[in-house]
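Have a look at the structure below, then the notes.
The values are calculated or read from the model by the stated rules, or taken from the named source; none is laboratory data. These numbers were taken from a predicted model, which means no experiment stands behind them. When we count neighbours, we look across all protein chains shown, and the Cβ atoms used for this are built from the backbone with ideal geometry, even at glycine. Note: areas computed on protein heavy atoms with side chains; ligands, DNA, RNA excluded. Shrake-Rupley method; radii C 1.70, N 1.55, O 1.52, S 1.80 Å.
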Amino acid sequence: MRIAVIGDIHGNMEALKVAYEVAQKSGAEKIFHLGDLGGYAPFVNEVVDFLIENNIPGVQGNYDEAVAFNKEHCGCKYEDDFQAEMAHLSFEWTKKNVNEKAREYMKSLPFRVDFEVESKKISIFHATPTKNNLYWYEQRQDKFFLLMAKKAGADVMIYGHTHIPYFKQLNGKYFINAGSVGKPKDGDPRTCVCIIDILRDTVKVEFIRKEYDIKKVVDSIIERGLPTYFAIKLMKAK
Ligand SMILES: [Fe+2]
């Protein structure tokens, strides 16, 4: 079975349209999103409409949870005070501009989605099986990966949150960080779609990168009153 996963869209409608096209062309039987639908770019309501219209199921990210329940903090990590200040502006902007339909949709998203393919248990969640704002980087120790597999009770784990894609196999378990559609942080500003083939004996993963109209999103970030800082970050993929 082939599935396509689109992670961390973060209000980037232009990237989402291209990512969806890539996912469809891949011949995937199902497409899933990984949550974090708003923040940093302005099209949070359009992103939610698109996911509903195209019947794309997914999970709740930390950003969705924080926006939907009007929390004080988005649950993100900052490297310095300036980054924290910028992130707070984006979070407040998103809470102010999200419509009721999008808020309700975010509220309704499940923490995880589980199913079975080819006798393998597949689990999809935003960041880790127990916490939606923990950064699960590839550099973490093997014992962390195995602990997460135990907590998930799954053979194939699919998640995002760090915005940096990777695929790792360990002790018969498959760990897939699908990267980010709308706000990559791996130095490649193109959108990222993760194509996963779940086969009887193995799991194959491909990350497809594709250019989109980044200029349109950069202009919208500035026009709609989000910090220019996020337009620069988007172009640098940092
Ligand atoms: Fe995110």
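For this structure, a couple of remarks:
- Trypsin sites (Lys or Arg not before Pro) restricted to segment 1-95 and DSSP loop, no more than 14 other C-beta within 10 Å: Lys71, Lys77
- Hz values of 3J(HN,Hα) by residue in segment 69-78 - Karplus curve (6.51, -1.76, 1.60), Gly and Pro given as x: 9, 6, 6, 6, 9, 7, x, 8, 9, 10
- Of all accessible heavy-atom area on the chain, the percent that carbon and sulfur account for (1.4 Å): 48
- Working from Cα pairs under 8 Å separated by at least six residues, relative contact order for segment 37-114 is 45 percent.
- Normalising the average separation of contacting C-alpha pairs (under 8 angstrom, six or more residues apart) by the number of residues puts the relative contact order of segment 2-236 at 24 percent.
- 1.4 Å probe accessible area per residue over segment 181-238, in Å²: 51
- Those GluC sites (Glu not before Pro) in segment 22-54 that DSSP places in a loop and that have at most 16 other beta carbons within 10 Å: Glu29
- Unit charges at the beta carbon, dipole of the chain: most positive-side option, Phe32, Pro189, Asn55: Phe32
- Per-selection Kirkwood Rh - the chain (Cα, Å, 1 d.p.): 17.6
- Whole-Hz couplings from phi, Karplus 6.51/-1.76/1.60, listed for segment 188-200; x for Gly and Pro: 10, x, 5, 5, 10, 10, 9, 9, 10, 9, 9, 10, 4
- Here segment 2-236 is assigned +1 on the Cβ of each Lys and Arg and -1 on the Cβ of each Asp and Glu. Its dipole about the Cα centre then comes out at about 520 debye.
- Cut-off 10 Å between beta-carbons: net charge of the residues surrounding Ile208, Lys and Arg +1, Asp and Glu -1: +3
- Protein heavy-atom accessible surface, 1.4 Å probe, per residue over segment 1-128: 42 Å².
- Among the GluC sites (Glu not before Pro) in segment 133-238, those located in a DSSP loop and surrounded by at most 12 other Cβ atoms within 10 Å of their own Cβ are Glu211.
- Positive end of the dipole of the chain (Cβ unit charges, origin at the Cα centre): among Gln169, Met157, Tyr135, the Cα lying farthest that way belongs to Gln169.
- When the C-alpha to C-alpha distance is required to be over 21 Å, the pairs from Lys121/Lys150; Lys71/Lys96; Lys185/Lys210; Lys25/Lys173 that qualify are Lys25/Lys173.
- Summed side-chain charge close to Asp197 - residues other than Asp197 whose Cβ falls under 12 Å, Lys, Arg +1, Asp, Glu -1: 0
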